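Data block below; observations after.
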Amino acid sequence: MQGNLFELFRSRFPADRSRPFIEIPGGAILSYGWLESTSARFANALAAAGARPGDRVAAQLDKSAEAVALYLACLRADAILLPLNTAYQADELDYFLSDAAPTVVVCQPHRRAELEGLAVKAGISARVLTLGAEGDGTLPELAAGQPADVAPSSRGGDNIAAILYSSGTTGRPKGAMMSHANLASNALTLHELWGFRPDDVLLHCLPIFHTHGLFVAINCVLLNGTAMIFCPKFDAEQAIGLLGRATVFMGVPTFYTRLVASPDLTPAACRSMRLFISGSAPLLEETFNVFRDKTGFTILERYGMTEGGMFTSNPLDGERRAGTVGFPLPDVELRVTGEDGRVLPRGEVGIIEVRGPNIFKGYWNMPDKTKAEFTADGFFKSGDVGVIDDRGYVSIVGRAKDLIISGGYNVYPKEVEDAIDRMAGVVESAVIGMPHPDFGEAGLAVVVAAPGAALTPDGVIGSLKGRLANYKVPKQVVLVKDLPRNAMGKVQKNVLRDSYAGMWKANL
Ligand code: MCA
Ligand code: AMP
């Protein structure tokens with residue numbers, strides 16, 4: 001796909017533009033015609049606000065139909081979308097703004113002054129516009145006076161459509177640059193592989209500032225030209241009540257553990273459904289089995305990363321195997337390599353590497369980091385530890401990167417440790433991932449306090465809440481005298497995990 005991603009989507013829009021695109025439960029139904037004209041007005045508004053082709057447009061927004069229109073507006077204006085989690089705090093935003101230097105920042109109305117201040121602090125001359133959960137704000141106001149059409153863009157292909165930041169195991173967060181062609185190839189592949197049909201309705205409960213909710217879910221719907229039921233956030237009871245009007249559902253494992261915990265999840269509740277998809281974190285075999293017992297549906301688990309969208313999927317037709325993430329996508333090459341870089345035979349555990357048209361164009365402003373993440377023959381090193389079985393199913397068995405995935409969100413211990421270490425009275429700290437019944441994993445911070453320091457576990461948590469996105473804040477903190485280290489001086493996180501397993505469980 002060499003063209004603009006929006007034009008690909010538009011070529012799949014229903015001829016009858018009054019057909020629904022988004023239905024907000026208990027609220028508006030917005031059509032493809034609305035999407036086409038609103039995204040054009042927004043694209044013209046972005047240009048009027050100073051966004052030129054290649055400029056970044058940062059968006060820290062509540063989930064709304066207008067926020068989706070802004071995504072498409074960026075594609076149409078040849079601007080680069082920078083979606084930001086609404087949980088990010090000032091310190092986190094400061095870095096993204098300085099690094100990506102957006103020309104336009106679109107934020108929640110109540111955070112306008114804060115974002116304006118952060119833009120000044122970051123030394124960028126960004127225009128700050130607002131967009132509220134109800135479609136209100138200065139962006140729609142500016143857009144109202146703009147034409148409802150915009151000339152089709154000829155840019156696309158390898159041009160960057162979006163930058164998505166992730167923290168990383170060391171150093172600064174990295175912005176993964178996804179091109180129009182990257183996003184198009186993955187969306188086309190998934191749309192076909194998951195057998196989208198003309199009568200499909202997606203129940204969308206994911207946040208839309210990360211790959212799963214934004215690109216995997218919404219791009220499939222746009223390619224299908226059909227409707228989605230768009231919930232502002234995931235609520236198990238609400239979702240169960242809506243499943244009977246949907247055909248496809250996508251969620252992180254926490255969604256599924258919460259769904260199976262409800263007595264209302266029954267075959268009748270799923271009467272219109274055809275497909276349940278899970279990803280972003282490992283789905284427990286137990287959840288997979290209980291879900292099947294309670295609904296008659298076998299969850300399809302898939303695996304991917306921000307740096308390329310999806311890499312593997314269990315089959316639509318054929319056996320979906322619990323504990324595996326299925327086969328490499330038809331246009332993705334996947335291999336497992338050993339420490340020396342040698343490609344390992346099936347059955348042997350090593351690092352997963354991937355190559356394909358979906359793999360990102362590199363990290364923004366980080367050519368060296370980008371180079372280090374690719375092999376000489378162009379495979380991206382995922383940092384996930386996996387194995388391919390004799391039938392070709394891929395399983396993720398661990399991570400070479402020090403990463404906690406909590407409720408589908410990535411938490412890099414290094415970032416949390418740095419924030420703790422900056423607190424007065426802290427000598428050092430170690431953050432480890434512990435099993436959590438709801439979030440799969442969650443953080444435990446082991447903190448060494450200076451002698452006589454007035455630190456308390458609650459104080460540490462309280463102080464972190466203002467500095468880090470809420471999901472990064474450890475669920476428990478323990479104060480200790482020192483950390484166990486190996487002969488190389490490295491903190492032995494496994495020892496900590498074992499030492500505090502009992503305490504962690506008792507305090508859950
Ligand atoms: C909320 N909290 C969390 C999380 N979410 N803590 C740890 N991990 C989390 N994920 C905090 C809240 O701030 C609150 O803290 C407390 O936990 C309980 O909040 P609760 O109301 O239960 O949370 P929620 O609002 O219901 O949110 C849980 C959630 C949400 C629905 C599971 O986290 C979510 O939507 N996750 C989806 C993430 C996702 O889309 N990932 C895809 C990334 P306190 O009480 O102290 O205030 S893309 C990706 O990974 C790749 C590409 C892929 O393969 O898809
Ligand atoms: P992100 O950086 O947010 O894109 O998260 C990507 C990471 O999520 C991958 O590198 C994996 O570690 C993890 N992941 C995604 N899907 C799965 C899955 N189905 N099973 C296990 N881990 C997964």
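Whole angstrom only: what separates the Cα centroid of the stretch 154-187 from the Cα centroid of the stretch 196-249?
22 Å
Accessible surface of residue 316 in the full protein assembly, 1.4 angstrom probe, to the nearest 10 Å²?
50 Å²
Can you give the Kirkwood hydrodynamic radius of the chain from its Cα pairs, in Å with one decimal? Before the final figure, lay out the partial values.
Working: mean 1/r = 0.0421 Å⁻¹.
Across the chain, the inverse of the average 1/r is 23.7 Å.
Can you list residues from other chains, or at least 5 along the same chain, whose modelled amide H is less than 5 Å from the amide H of residue 81?
57, 162, 163
Where in the stretch 166-202 does the amide nitrogen come within less than 18 Å of the point 7 Å from the Cα of residue 316, taken along Cα to Cβ?
Residues 184-202 qualify, since their backbone N sits under 18 Å from the label point.
What is the ratio of the Cα radius of gyration of the stretch 304-353 to 2.2 N^0.38 Å, where N is its residue count, to two decimals?
Details: Rg = 12.1 Å, N = 50, 2.2 N^0.38 = 9.7 Å.
Cα-based Rg divided by the globular estimate yields 1.24.
Using only the Cα atoms of the stretch 230-315, what semi-axes does the equivalent ellipsoid have when each is the square root of 5 times a gyration tensor eigenvalue? Give whole Å, largest first.
After scaling each eigenvalue by five and taking roots: 21, 14, 12 Å.
Using heavy-atom solvent-accessible surface (probe 1.4 Å) with all chains present, what is the largest-first order of 271, 342?
Accessible-area ranking of 271, 342, largest first: 271, 342.
Please give the residues of the stretch 415-435, grouped as numeric ranges, whose backbone N is less than 12 Å from a label point set 7 Å along the Cα-to-Cβ vector of residue 479.
It comes to 425-427, nothing else.
In terms of Cα to Cα distance under 19 Å, which lysines are near enough to residue 481, apart from those fewer than 8 places away along the same chain?
490, 493
Provide the three semi-axes, in whole Å and in decreasing order, of the ellipsoid equivalent to the stretch 277-391 as defined by the square roots of 5 times the Cα gyration tensor eigenvalues. If you can, show how the numbers build up before the last one.
Values: eigenvalues 161, 51, 28 Å².
The three semi-axes for the stretch 277-391 are 28, 16, 12 Å.
How much accessible surface area, in Å² rounded to 10, belongs to the heavy atoms of residue 485 with a 1.4 Å probe?
My reading of the accessible area for residue 485 is about 100 Å².
For residue 91 and residue 454, FRET efficiency with R0 = 30 Å and r from the beta-carbon atoms, rounded to 0.05?
0.80
Order the following by accessible area, largest value first: 237, 36, 307. Probe radius 1.4 Å; ligands, DNA and RNA are ignored.
Values: 237 90, 36 40, 307 10 Å².
Accessible-area ranking of 237, 36, 307, largest first: 237, 36, 307.
In units of 2.2 N^0.38 Å, what is the alpha-carbon radius of gyration of the stretch 354-405? Present the calculation step by step, with values, prior to reporting the outcome.
On the way: Rg = 13.1 Å, N = 52, 2.2 N^0.38 = 9.9 Å.
Against the empirical 2.2 N^0.38 Å value, I get 1.32 for the stretch 354-405.
Taking Rh as the Kirkwood radius computed over C-alpha pairs, what is the Stokes-Einstein D of the stretch 189-277 at 20 °C in a medium of viscosity 1.002 mPa s, expressed in µm² per second?
D = 164 µm²/s.
If we count every other residue with Cβ under 13 angstrom of residue 279's Cβ, Lys/Arg +1 and Asp/Glu -1, where does the sum land?
0
Quick one: net charge around residue 35, please, counting Lys, Arg +1 and Asp, Glu -1 for every other residue with C-beta under 15 Å from its C-beta.
In short, 0.
Given the C-alpha centroids of the stretch 422-478 and the stretch 311-373, what is the distance between them in whole angstrom?
Measuring centre to centre over Cα atoms gives 33 Å.
Amide H of residue 311: which non-local residues (sequence gap of 5 or more, or other chain) have their own amide H closer than 5 Å, using H built in the peptide plane?
Excluding prolines and chain starts, which carry no amide H, the hits are 303, 304, 305.
Assign one of three labels to the stretch 446-497, namely rounded, prolate or oblate, based on the Cα gyration tensor with a ≥ b ≥ c the square roots of its eigenvalues; rounded applies when a/c is under 1.5, prolate when it is not and a/b is larger than b/c, and oblate otherwise.
Taking the square roots of the gyration eigenvalues as a ≥ b ≥ c, the stretch 446-497 is oblate.
How far apart, in nanometres, would the label points at residue 424 and residue 377 be if each is projected 7 angstrom from Cα along the Cα-to-Cβ direction?
Placing both labels 7 Å along Cα→Cβ, they lie 5.8 nm apart.
State the percentage of accessible surface on the chain attributable to carbon and sulfur atoms; use a 1.4 Å probe and exclude ligands, DNA and RNA.
Values: 10410 of 19990 Å².
Summing carbon and sulfur atoms, their accessible area is 52 percent of the total for the chain.
Which whole-Hz ³J(HN,Hα) couplings does the stretch 77-89 yield from phi under the Karplus relation 6.51 cos²θ - 1.76 cosθ + 1.60, θ = phi - 60°, glycine and proline marked x?
With the stated coefficients, the stretch 77-89 comes to 8, 6, 8, 9, 7, 10, x, 10, 4, 5, 6, 5, 9 Hz.
Using a 1.4 angstrom probe, figure out how much accessible area the chain has per residue, in square angstrom, rounded to the nearest whole.
That works out to 39 Å² for each residue.
List the residues whose amide H sits under 5 Å from the amide H of residue 469, counting only those 5 or more places along or on another chain, with H placed 1.01 Å from N in the peptide plane.
So residue 469 has HN proximity to 89.
No solvent, one uniform scatterer per C-alpha: report log10 I(q)/I(0) for the stretch 59-132 via the Debye equation at q = 0.17, 0.25 1/Å, two decimals.
-0.57, -1.25
Can you pick out the pairs among 369/505; 233/475; 381/505 whose Cα atoms lie more than 27 Å from each other?
From 369/505; 233/475; 381/505, over 27 Å: 369/505; 381/505.
Starting from the 7 Å offset along Cα-to-Cβ, what nm value, one decimal, do you get for the label separation of residue 237 and residue 390?
5.0 nm
The values are calculated or read from the model by the stated rules, or taken from the named source; none is laboratory data. On a predicted model such as this, the values are computed, not experimentally measured, just so you know. Note that we place each Cβ from the backbone using ideal geometry, even for glycine, and neighbour counts take in every protein chain shown. To get the accessible areas, we keep the full protein, side chains included, count just its heavy atoms, and leave off ligands, DNA and RNA. Shrake-Rupley method; radii C 1.70, N 1.55, O 1.52, S 1.80 Å.
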